[in-house]
Each structure stands twice: as structure tokens, then as C-alpha cells.
Amino acid sequence: MQTAQSLTSISGLPRLEARMLLEMVLGKPREWLLAHDTDLIAPDAAAQFLTLAAQRRQGTPMAHLVGHREFMGHRLRVSADVLIPRPETELLVEMALQSLDDSAVRFLPGTASGNGAGCSLLDLGTGSGAVAISVALARPSVRVVATDLSQTALVLAQKNAQQLEARIQFWRGNWYEALPPEGRFDVIVSNPPYIALNDPHLSQGDLRFEPVGALTDGADGLTALRHIISGAPQHLTAGGWLWLEHGYEQGEEVTQLLLKAGFNAVQTKQDLAGLPRITGGSL
Ligand SMILES: C[S@@+](CC[C@H](N)C(=O)[O-])C[C@H]1O[C@@H](n2cnc3c(N)ncnc32)[C@H](O)[C@@H]1O
């Protein structure tokens with residue numbers, strides 16, 4: 001019989017990944033595992049662990065094996081139907097919150113901090129719901145609407161919203177076409193598919209296991225960004241903000257598209273790796 005320690009060392013995985021899989025198989029928290037490192041593990045649990053370890057060695061993302069990923073401190077369920085939320089997308093949430101608070105101050109002059117009160121946000125291509133849910137939980141008084149083309153993504157996003165008690169309206173459809181006719185938004189955010197079809201990254205790492213429609217536009221990587229930017233003026237309030245995540249080499253192109261569409265205060269923010277990742281502007 002094996003112990004947690006011996007299973008970890010024969011798994012061929014980094015220690016942290018092996019521990020996460022053991023925690024899941026044994027249904028025990030990290031602290032228990034650390035204190036019982038040399039306990040014998042039941043053969044069926046050990047076999048289950050070794051199967052998962054083999055899948056991981058073949059490249060299956062950790063998030064698919066454990067079924068969830070942390071984003072903005074929230075545990076989101078993920079599956080092969082959605083993009084695995086990335087840490088750099090947290091910056092998109094931060095910019096959205098800042099813009100909502102600024103908009104609320106415009107509505108309620110004299111208040112020190114807007115807290116997004118009375119404002120609305122649209123998340124286009126919500127995937128697991130990561131961005132919309134994080135905003136809805138951080139600013140419960142904001143009306144949050146989220147869309148996706150993928151029905152299976154929307155089902156998962158709805159489950160995540162329900163589980164985390166986030167109030168969000170979900171609509172299915174092609175970008176703005178998903179929305180009912182009435183209403184404009186104070187902030188629109190999107191992390192659209194922006195990888196060019198010929199980008200070799202598509203056949204590397206976690207990307208091999210994620211839905212192709214979440215990753216690439218099937219063309220030069222800018223199709224969805226162009227569409228979202230050109231349609232935004234018809235869906236934003238005066239002074240409203242549009243924030244977009246993009247590839248680290250697309251900052252200048254997105255800036256030009258925003259300026260051409262009439263946006264002001266256009267600015268690009270860098271992600272944790274110091275790469276241009278989020279660009280936005282106000283109307
Ligand atoms: C890069 S993923 C982003 C998912 C999530 N917002 C996140 O940041 O983790 C892009 C999302 O856009 C959706 N999408 C792709 N084409 C779309 C379209 N034409 N209309 C609406 N959503 C679309 C995909 O299904 C996918 O969920």
C-alpha cells in the first residue's frame with residue numbers, strides 16, 4: 001500500500017498539483033494531508049489518484065481534473081465547455097469596478113464613493129461567468145447582464161452565479177444581438193476570442209483542451225474586438241466605459257479602433273507580467 005508521500009513522489013507531478021489531486025480523491029483539506037503524509041491510502045483511492053496523475057501528465061488542465069478554478073477569490077466551476085478563467089482577467093474586473101464607481105459618482109454628485117449604485121454593466125462572452133459574477137458580488141446594486149453564444153457555457157455560468165448568489169441576467173446570442181432591444185449600459189466589458197487562427201499557442205498547453213470558439217475568431221484575432229468596439233456606442237450611456245481584454249501585441253490596434261469609434265480617454269493597462277492586456281475608453 002502507498003502513502004500520500006510515496007504517491008506524490010511517484011506521480012511525476014509538481015508537489016502542489018499532486019496534493020490538489022490527493023485532496024480531491026481523499027475528500028480531505030490540505031492541513032489533513034500535511035499531517036497524515038505517511039498514513040496508508042486505500043488502494044481504490046490510490047488507483048484513482050494515479051489515473052488523474054496520468055491525465056495531468058498528458059496535459060489535461062488541473063482546472064478540468066479538480067472541476068474548479070479560483071477567480072477574484074471565488075471558486076468557479078469549470079468544464080471543457082468554457083475558458084478556464086485567467087488571473088490576468090482580474091484586471092478587467094478591477095477596471096470595470098473603477099468605471100462603475102466613477103459613473104455612480106456622476107449620477108450622485110456629492111457622494112464620496114459611488115459603489116456603482118444605480119449603474120449597469122454588460123459582460124459580452126461571459127464563459128464561466130467569471131467577470132460578471134465578480135462584478136455582481138463586489139457591487140450588488142449594479143444591474144449585471146451577461147451574454148454568450150455558447151448555450152453550454154451559459155448553463156455553467158448560471159450554475160456558478162446561483163451557487164455564489166450573484167444576481168445576473170443571462171442572454172444567449174451573437175454579441176449585442178443577444179440583448180433585448182431596450183436599455184444602455186454604463187460599462188461594457190469583454191474578454192473575447194482574440195487569438196489568430198495561425199497562432200501556434202492554440203496547439204499548446206491548456207489551450208488544447210479549451211473550446212476553440214472561446215479562443216480564436218478563426219481569422220486575424222481582431223474580428224470580435226472590431227465588432228464589439230464598433231457596436232459599443234449604440235449600447236453605452238453618454239460617458240460610459242468600454243474595457244476589452246486582448247493579446248499582448250494587440251494594444252495599439254485596439255487603441256486605434258477605439259479612437260476611430262469616437263472613444264475618449266483611451267488607455268491600456270498592463271497585466272501582472274507587465275504586458276499590455278486591457279484597453280478601454282469612455283464615450
Ligand atoms: C475568451 S472567452 C472569455 C470567457 C470569460 N469572459 C473569461 O474571461 O473567462 C470568450 C467567450 O466568448 C464567447 N463567444 C465567442 N463568440 C461569441 C459571439 N459571437 N457572441 C457571444 N459570445 C461569443 C465564447 O463562447 C467564450 O465564452
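Restricting the search to region 162-199, which residues are of a type outside the set (A, V, I, L, M, F, W, C), part of a loop (DSSP other than H, G, I, E, B) and touching a Gly at 6+ places or on another chain (Cβ under 6 Å)? Within region 162-199, 192, 194 meet the criteria. Can you tell me which residue in region 24-34 is nearest to the chain's Cα centre (by Cα), limited to those that are over 16 Å from residue 64 (Cβ atoms) and either part of a helix (DSSP H, G or I) or in contact (Cβ under 8 Å) with a residue 24 or more places away in the chain (or both)? For region 24-34, the residue satisfying everything is 30. Tell me, yes or no, whether region 147-154 has at least one residue that is in a strand (DSSP E or B) and either closer than 18 Å to residue 248 by Cα or assigned by TED's automatic domain parsing to the domain that holds residue 234 (or both). Yes, the conditions are met somewhere in region 147-154. Note on region 171-199: residues that are closer than 19 Å to residue 148 by Cβ, of a type outside the set (Val, Ile, Thr) and within 14 Å of the ligand (Cβ to nearest atom) amount to 14. Residues in region 200-218 that are away from the ligand (no atom under 12 Å from the Cβ) and without any contact (Cβ under 8 Å) to a residue 40 or more places away in the chain were compared, and the one that is surrounded by the most Cβ atoms within 10 Å (Cβ to Cβ) is 202.
Residue-by-condition table, conditions (1) hydrophobic (A, V, I, L, M, F, W, C); (2) over 22 Å from residue 130 (Cβ atoms); (3) part of a strand (DSSP E or B):
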residue: 201; (1), (2), (3): no, no, no
residue: 213; (1), (2), (3): no, no, no
residue: 240; (1), (2), (3): no, no, yes
residue: 248; (1), (2), (3): no, no, no
residue: 253; (1), (2), (3): no, yes, no
residue: 259; (1), (2), (3): yes, yes, no
residue: 262; (1), (2), (3): no, yes, no
residue: 278; (1), (2), (3): yes, no, yes
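Sub-6 Å Cβ pairs linking a first residue in region 118-133 that is over 15 Å from residue 173 (Cα atoms) to a second residue that is hydroxyl-bearing (Ser, Thr, Tyr) and near the ligand (Cβ under 6 Å from one of its atoms), at least 6 apart or interchain, are 132/126, ordered by first then second residue.
The values are calculated or read from the model by the stated rules, or taken from the named source; none is laboratory data. Everything numeric here is computed off the predicted structure, so don't read it as measured data. A quick note on method: Cβ atoms are made from the backbone with ideal geometry, for glycine too, and the neighbour counts reach across all protein chains shown.
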